[in-house]
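Notes to accompany the following structure.
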Amino acid sequence: MFSFLFSVPTPAPLWRGLFIFSMVRQPRDYLNGFLEAKITKMASLDFAPLFKLYGGQDEWPTAEMVHCETIAARSRLHNWHIRPHRHSGLYQILSLHHGEATIWLDDTRLRLAGPGAVEIPQAFVHGYDFTTSCDGHVVTIAYPLLARLVHHLDPKASIPDRPAVHRLDERSSAQALHEACTQLQAQYAGAQPYREAQLEAWLTLLYARLRSSRPEGSPRPARSRGLTHYARFTELLENAFASHHDVAWYAGQTGLTPAHLNVVTRTHANKSPLRLIHERLTLEANRCLLYTPLTISEISDSLGFAEPAHFTRFFRNASGESPRDFRRRAASTIVWESGGSTVE
């Protein structure tokens, strides 16, 4: 069973002028304004680069909004290590059939032995260390395509807003996922008739199989309407967390009263809307402190705080330590080697 939650160059003019946010028509729908503004202004992001593909800056090799390759195809070129990085507007699925991997998810590390899978939404910092015996696939999907596939399923198949790790204990589940990835890879690498339709069919099946079993720790199933409201709230939160809107604003945008929104979030996340807002803001602050060279004042300004002192007070209340202390403590757990950026 599943367990544990937590180019040919692409054609113009569809992607023209979007810097590195090249896989979505409207980047602000999928990436918060802070990251867009800051990354665009920075000459480089040395600590957690924004990658177009799994592990590299390569252009997509085909025009469709999905990329599929084996784990070995790219990681072998990097000594089986993929440095911590992020994606904008891209959703990634790592399917590990055999072997073992150490996976970095933001400031958390975990070990996964095959068979297993990891789903990583946009903007989450992630990296991998694979054993040389690893066998599996990495599937990267542009959000507009994924949204279209989800539309044909049901509300319970909504795109997760946080990484999900699946440990596939049942052989049938592992084989089903491996078959879907293998067939997707075959269609992706080939030139069969109706290739695009077959790609989307196998991609839909792959995504449905991941959604077909509730990971450990995930909220209990609820009415579809409640799920729709919760998905809308998380979408709004991802786009507007740095604007410091209150709960009433989110409720109004969702078509609910604040009290009803509170029921929805407690049902699906066991947390109040305000706590989720604060957690999302704190998560972004953590990422900025750990993975960017921005000063405390710059981070404070980028996250919408009027004064650095207000940011420091908020962060201390949320994390129990000052931003400076967090950066010093967290940075001590990572060793960035020149050219390799190895995570310890």
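The numbers here are math on the coordinates, done by the rules we state, and not lab data. The structure presented is a predicted model; accordingly, all values stated were derived computationally and were not measured. Cβ placement follows ideal geometry from the backbone for every residue including glycine, while neighbour counts extend to all protein chains displayed.
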Any residue on another chain or 5+ positions along whose placed amide H is under 5 Å from the amide H of residue 292 is listed here as none
How many nm is it between the label spots at residue 170 and residue 225, if each spot is 7 Å from the Cα in line with the beta carbon?
3.2 nm
By how many nm would the segment from residue 253 to residue 322 lengthen if fully extended, with 0.36 nm per residue of separation less the alpha-carbon distance?
21.5 nm
Coil-residue GluC sites (Glu not before Pro) of region 95-188, DSSP, other Cβ within 10 Å capped at 16:
170
If amide H atoms are modeled at 1.01 Å from N in the peptide plane, then the residues at a separation of 5 or more from residue 125, or on another chain, having amide H under 5 Å from its own are 106
For labels at residue 212 and residue 151 in the simple 7 Å Cα→Cβ model, what's the distance in nm?
2.5 nm
Could I get the Rg over Rh figure for region 240-291? Both from C-alpha atoms, Rh via Kirkwood, rounded to two places.
1.04
What are the extents of the Cα atoms of region 224-331 along their three principal axes, listed from largest to smallest and rounded to whole Å?
44, 24, 20
